[in-house]
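What follows is one structure encoded as structure tokens, with my remarks underneath.
The values are calculated or read from the model by the stated rules, or taken from the named source; none is laboratory data. If you're wondering where the values come from, they're calculated on a predicted model, not measured in any experiment. Here the Cβ is made from the backbone with ideal geometry for all residues, glycine too, and neighbour counts use every protein chain on show. All accessible areas refer to the heavy atoms of the entire protein, side chains included, with ligands and DNA or RNA removed. Shrake-Rupley method; radii C 1.70, N 1.55, O 1.52, S 1.80 Å.
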Amino acid sequence: MIKKILIANRGEIVNRVMRTCRKMGIKTVVVYSESDKDADYIKKADESYPIGSSAPVKSYLNIDALIGALRASGADAVHPGYGFLSESADFAKAVSETGAKWIGPDPEILSSIESKVYCRTVADRLGVPVTPGTVRPISGIKEIYETAERVGLPILLKLDRGGGGKGIEKIDHFESKQETRAIFESMQRIGQMAFASGDIYIEKMVSQSRHIEVQFMADDYGNVVCFGERECSIQRRFQKIIEESPSPIVSGEDRNKLYSYTKKIIKAIKYSGAGTIEYLRSEQGTYYFMEINARLQVEHPVSEYVTGMDLVEQQIRVANGERLNYEQEDIQLKGHAIECRIYAEDPKTFKPAPGVIKKLVFPPENQGNIRIEHALKESYRISPFYDPMLCKLIAYGEDRDACIANMIKALKKFAIEGVSTNIVTDLAIMRNRSFVSGNFNTSFLDIEKVNIGLENYCITISRQFGSLGRPIAKKMAELLNINFYDRDIVDALAKKMNLPVSSVDEGAELYESDFGEMAYPLGIHSEEEQDRIFEVQKQLIEELADKESCIFIGRCSDYILRNHTNHFSIYIYAPYEARRENCVKILKMTSEEAEKMIRDVDEARESYTLHYAKTYSENILYKDILIDSSLYGSVDETAEILVAMIRRKFHLAM
């Protein structure tokens with residue numbers, strides 16, 4: 001039997017896993033980053049180990065650090081929780097190579113199901129409906145037009161190995177083959193650089209759809225049991241806010257069909273452990289396979305409430321090689337459960353709102369119909385480095401109406417002061433007529449306007465020197481009839497703070513002044529001075545973005561506005577030869593002079609000391625579009641292509 005488990009995660013899921021471990025007599029090991037050094041579960045665990053700085057890549061995504069903690073602790077198993085490395089085949093393999101058990105599916109299975117195309121192929125072969133589109137990756141834009149003709153618009157282009165809402169592009173109309181090619185090639189580049197695969201497939205977008213998922217458990221002996229379905233259609237930015245079980249739309253016949261689909265797929269791929277299969281339900285009642293989540297999910301408590309099963313315990317027992325000691329007919333759904341995710345965010349704009357919790361009042365849990373999963377305490381600092389979810393509030397009732405009533409009572413007694421939260425958002429949804437009636441879909445927030453989101457949108461552009469990014473940005477602002485902001489923002493601030501500023505003319509793409517005379521307000525000063533400028537700059541840029549739609553170029557704007565509700569990030573680059581030619585043509589330089597300027601500017605940017613902003617700006621995962629300005633002709637033509645993509649993104653009129 002497993003005797004000691006390392007929990008490779010943070011936040012509420014750590015306390016959740018520890019609770020089951022205590023019940024089973026299993027010792028626990030927790031890990032923590034610098035930001036989490038005061039987490040409440042550190043003192044509760046049998047052992048704890050620091051694993052690095054606050055940035056996830058240095059801690060919770062650092063396989064070497066986690067394996068080091070595993071070896072030091074002598075734990076004989078790892079529970080990955082959800083998010084971070086919970087579905088990483090590399091991490092699962094590294095754990096297995098130490099001799100410890102991985103509480104989840106085998107690394108080989110994880111590696112296979114990282115490919116959505118693989119999963120769609122398996123489902124299709126087994127007769128499980130998949131969304132109309134392509135089962136295999138497409139090779140070019142010809143297939144995009146052919147598929148759109150066959151299944152109808154709108155369609156979704158999806159990266160085969162994308163995730164977290166990244167790598168999805170909606171097409172509801174075609175402007176030009178040039179624009180379609182730009183979308184396709186940009187997605188390929190992002191996929192290759194961020195996920196090591198540029199494969200793209202196509203799905204028909206299912207309108208008026210509902211997001212339904214089935215929780216299952218499978219052992220090493222071919223047994224698979226389902227634990228009901230969960231309704232997950234209340235979402236913002238493709239992330240769930242509220243989940244419930246059972247779904248108000250799924251009939252008993254539907255449930256049996258979903259169970260059958262799920263078992264076919266899981267048995268075919270020889271999966272072992274807990275997991276979820278996500279389906280889309282069309283307005284006509286057809287259920288389409290979407291994907292497999294190879295882990296315990298955030299919303300698992302609602303399934304535990306209505307089935308009476310401890311899913312974490314079942315995970316541990318399966319990882320220990322035990323058979324499932326129950327069959328499908330033993331799992332009966334009783335009552336109704338709803339989970340509200342509590343986020344540290346603005347309730348109207350959904351913008352993350354980190355800060356310090358000054359006061360914390362939880363609703364009572366003593367009647368058995370309320371459960372709170374959290375790792376909070378007063379004076380706890382909400383870090384900007386992680387997902388803004390604070391905790392989960394789960395309510396239970398004999399039926400859906402009673403459950404909603406219990407949730408409303410609990411939300412009204414829940415108080416978190418010091419940071420903005422979405423508690424009022426959850427409360428408004430619970431009282432909404434469409435939600436109460438069960439008549440809703442994934443467009444609920446847009447249709448019902450429970451929260452009024454920002455009408456403004458902001459575009460941030462980062463670029464290589466000499467790629468013509470600045471004139472392209474200015475032309476885009478002209479075509480969209482919105483404001484354009486660049487270095488003059490920082491220059492004005494630097495003057496007020498008695499710091500040197502550049503003498504370069506505003507708006508110049510390639511600077512005609514001698515490079516030695518250029519003074520970057522951010523880049524040549526001490527870190528303390530840079531931080532002072534950055535904080536004021538950050539406030540100004542955020543205020544401008546909230547006030548009106550606009551385009552920002554450079555000035556860390558992509559980092560500053562990364563959580564803006566309507567943010568679109570573009571990176572403009574060009575081959576070295578094209579950059580040099582632009583310098584020669586526009587600045588009348590010799591090739592040698594152009595090469596020196598490009599080299600000097602690139603080196604200056606490499607020495608930039610605000611590492612968190614620089615790292616974010618260079619991370620391909622955070623870019624919506626990568627575009628080579630040398631491929632599409634003139635500045636005007638490149639700007640027109642980008643503007644067409646932005647109009648599509650924000651549904652702008654021509």
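Per q in 0.09, 0.15, 0.20 Å⁻¹, report the Debye log10 I(q)/I(0) for segment 238-356, using one uniform scatterer on each alpha carbon and no solvent. Values, matching the q order: -0.32, -0.85, -1.36. Under a model in which nothing but the beta-carbon of Lys, Arg (+1) and Asp, Glu (-1) is charged, the chain shows a dipole of about 1640 debye around its Cα centre. The 3J(HN,Hα) values that the Karplus relation (6.51, -1.76, 1.60; θ = phi - 60°) gives for segment 410-416 are, in residue order, 5, 4, 5, 9, 8, 10, 10 Hz. Gly and Pro appear as x.
From most to least packed by mean Cβ count within 10 Å, the peptides 245-257, 72-84, 461-473 give 461-473, 72-84, 245-257.
Using the 2.2 N^0.38 Å rule of thumb for compact globular proteins, work out how segment 310-401 stacks up: its C-alpha Rg over that value, please. Each step should come with its number before you reach the end.
On the way: Rg = 17.8 Å, N = 92, 2.2 N^0.38 = 12.3 Å.
Cα Rg divided by the expected 2.2 N^0.38 Å: 1.45.
Report the rotationally averaged projected area of the chain based on its alpha-carbon convex hull, in square nanometres. Before the final figure, lay out the partial values.
Working: hull surface 116.7 nm².
Taking the Cα atoms of the chain, their convex hull projects to 29.2 nm² on average.
In this rough spin-label picture, where each label sits 7 Å from Cα along the Cβ direction, the Ile168-Tyr145 distance is 2.7 nm. The residue list Ala182, His211, Met476 was ranked by how far each Cα lies along the charge dipole of the chain toward its positive end, using unit charges on Cβ atoms, and His211 comes out on top.
Under unit Cβ charges (Lys, Arg +1; Asp, Glu -1), what dipole magnitude, rounded to 20 debye, does segment 274-319 have relative to its Cα centre? Don't skip to the answer; put the middle values down first.
Details: 3 positive and 7 negative charges, 24 e Å.
Charge dipole, segment 274-319, about its Cα centre: 120 debye, nearest 20.
Over all pairs of distinct alpha carbons, what does the Kirkwood formula give as the hydrodynamic radius of segment 27-131, in Å? Intermediate values should be presented prior to the final figure.
Details: mean 1/r = 0.0657 Å⁻¹.
Result for segment 27-131, one decimal place: 15.2 Å.
Averaged per residue, what accessible area in Å² does the chain show with a 1.4 Å probe, protein chains only? Display every interim value, and only then the final one.
Numbers: 27630 Å² over 654 residues.
In whole numbers, the chain has 42 Å² accessible per residue.
Annotation: amide H of Val31 within the under-5 Å range of Ile7, Asn9, Tyr49, sequence separation 5 or more or interchain, hydrogens built in the peptide plane. Can you tell me which lysines have their Cα less than 16 Å from the Cα of Lys649? Leave out same-chain residues fewer than eight positions away. Here the lysines satisfying the reach criterion relative to Lys649 are Lys158, Lys166, Lys170, Lys623.
Computed in the context of the full set of protein chains, the accessible area of the chain at 1.4 Å probe radius has 46% of its extent on carbon or sulfur. Karplus-based coupling profile of segment 81-96, in residue order and whole Hz: x, 10, x, 6, 9, 5, 10, 8, 5, 5, 5, 4, 5, 4, 4, 4, with θ = phi - 60° in 6.51 cos²θ - 1.76 cosθ + 1.60 and x standing for Gly or Pro. The lysines within cross-link reach of Lys264, meaning a Cα-to-Cα straight distance under 21 Å and a gap of 8 or more places when in the same chain, are Lys116. Considering only the Cα atoms of segment 66-184, their convex hull presents on average a projected area of 9.4 nm².
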